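Here is the structure we will look at.
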Amino acid sequence: MKSTLMLTEFFITTSRNVWNFLFFSNARTVRNAMDRARMNSAIRTFDKFAIRGENGGFCTVNDLKSISAADFQVLVDDIDNADVEKRIFA
């Protein structure tokens, strides 16, 4: 449920500035956001189990399939903290 709320918040934040994006495509934006969240989830899972060794380094299928609110928060933070000079959108 929290991940759903975070995803909703992410898309609301993004849609506020949607007309400022130079190359905006709704379906592509959703797909890219989900891909980034999956990548952030993989990095978080690897860090948790392989690097820090939680649970003896073993993770469950649910650990591998889970995407948390924090995985979307990374995207929101990237948008909020983006260097204005390096943006590809207006």
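The values are calculated or read from the model by the stated rules, or taken from the named source; none is laboratory data. All values derive from a computational prediction rather than experimental measurement. Using ideal geometry, Cβ is built from the backbone for each residue, glycine included, and neighbour counts are taken over all protein chains shown. Quick note on the areas: whole protein, heavy atoms, side chains included, nothing else; ligands and nucleic acids left out. Shrake-Rupley method; radii C 1.70, N 1.55, O 1.52, S 1.80 Å.
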message: Give me the net charge for the shell around residue 43: Cβ to Cβ below 14 angstrom, other residues only, Lys and Arg +1, Asp and Glu -1.
response: 0
message: At R0 = 25 Å, how high is the FRET efficiency between residue 55 and residue 34 if r is their beta carbon distance? Nearest 0.05 is fine.
response: 0.40
task: Using packing as a proxy for protection, rank 52-61, 69-78 so that the peptide with the highest average count of other Cβ atoms within 10 Å comes first.
output: 69-78, 52-61
- prompt: Rounded to the nearest whole Å², what accessible area per residue is found for the stretch 28-80 with the 1.4 Å probe?
  reply: 65
